Amino acid sequence: MKAFRILLADDHPIFRMGVCSLIRSHQEWEICGEAADGREAVTKCAQLRPDIVILEICLPKLNGVDAARHILKRNPKQKILVLTNVESEQVVRDCLQAGVRGWVYKSDRADELKAAIVEMQLGNSTFSSRISNLILAGYQNSHGTQPELGIPARLSPRERQVVQLVSEGKTSKEIAMLLGVGVKTAETHRSNVMIKLNLHSAVDLVMYAIRNGIVQVQPSAIELVSSEQAGPEMAFQAHN
């Protein structure tokens, strides 16, 4: 089986060592490269063409948000998982706008990082549970009211599927293939959803999906790391 190739971009060598050790403990994953700054991440991503980039936000020379923009401009389908301690709704929004569809905090459990990689390997979006709280807080502060936490009754099962697929970064053509409809029909579904929910951009739709639990949000504990992997896990957590 072909290994799932990962490029790790972080400016702390000891932290990179711990994450690399954790990733190499999974027999189907490999580290194809490392980068210590944003510009190097962009260059190595173009050279190595990894399956996923694990990206810190606070990088020298070029910050993670701009690095993600450069990477995704060149290859819109590139999977990027943010791994950071930055807690800012605006940064989250900027990353989602750029096309990032995964976010884990360095203070999260090591098995949550592994679970996030698995989800992205499957083509899903995945966000730390703390992202939901951050977005909810930002929403409440900007609107002054409680957001609607349940899925509105007016959203049909098909439209809910469309919300999920758009949030996972799927194009209209990909959505059409997955739903077994024409591209124009998929675009109509997407347009109807935006109108019904009074949303104005794809990033607003992703924020809605996170608030309402439509896209994957990591639980507080996922039993993926066995006892014999305690060494890599401890190396990962030692940085936090």
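The values are calculated or read from the model by the stated rules, or taken from the named source; none is laboratory data. Predicted model, so just to flag it, every value in this text is computed and none were measured. Cβ atoms come from the backbone with ideal geometry, glycine included; neighbour counts cover every protein chain shown.
In region 38-55, of all residues being out of contact with any Cys (no Cβ under 7 Å at 6 or more places or on another chain) and surrounded by fewer than 18 Cβ atoms within 10 Å (Cβ to Cβ), the one that is nearest to LYS73 (Cα to Cα) corresponds to ALA46. Any residue that is surrounded by fewer than 19 Cβ atoms within 10 Å (Cβ to Cβ), touching a Phe, Trp or Tyr at 6+ places or on another chain (Cβ under 9 Å) and under 30 Å from SER172 (Cα atoms) - is there at least one of those in region 56-72? No, region 56-72 contains no residue that is surrounded by fewer than 19 Cβ atoms within 10 Å (Cβ to Cβ), touching a Phe, Trp or Tyr at 6+ places or on another chain (Cβ under 9 Å) and under 30 Å from SER172 (Cα atoms). Say whether the condition of being within 29 Å of SER172 (Cβ to Cβ), of a type outside the set (Phe, Trp, Tyr), over 13 Å from the mean Cα position of the chain (by Cα) and modelled with pLDDT of 90 or more is met by at least one residue in region 120-137. No, because not a single residue in region 120-137 is within 29 Å of SER172 (Cβ to Cβ), of a type outside the set (Phe, Trp, Tyr), over 13 Å from the mean Cα position of the chain (by Cα) and modelled with pLDDT of 90 or more. All conditions but one from (1) hydrophobic (A, V, I, L, M, F, W, C); (2) closer than 23 Å to ALA202 by Cα; (3) touching a helix residue (DSSP H, G or I) at 6+ places or on another chain (Cβ under 6 Å) apply to ILE54; the one that does not is (3). Here the condition is being assigned by TED's automatic domain parsing to the domain that holds GLY64, out of contact with any helix residue (DSSP H, G or I) (no Cβ under 9 Å at 6 or more places or on another chain) and in contact (Cβ under 8 Å) with a residue 12 or more places away in the chain; of ARG16, ARG24, it holds for ARG16 alone.
Residues being within 15 Å of SER125 (Cα to Cα), modelled with pLDDT of 50 or more and part of a helix (DSSP H, G or I) are entirely absent from region 214-236. Quick one: is CYS32 surrounded by 21 or more Cβ atoms within 10 Å (Cβ to Cβ) and at pLDDT 95 or above? Here the answer is no, as CYS32 does not meet what is asked. Before we move on, is GLU112 buried (at least 19 other Cβ atoms within 10 Å of the Cβ) and touching a Pro at 6+ places or on another chain (Cβ under 9 Å)? So GLU112 passes the test.
Residues in region 183-213 that are loosely packed, with under 14 Cβ neighbours inside 10 Å and touching a Ser or Thr at 6+ places or on another chain (Cβ under 9 Å) were compared, and the one that is modelled with the lowest pLDDT is GLY213.
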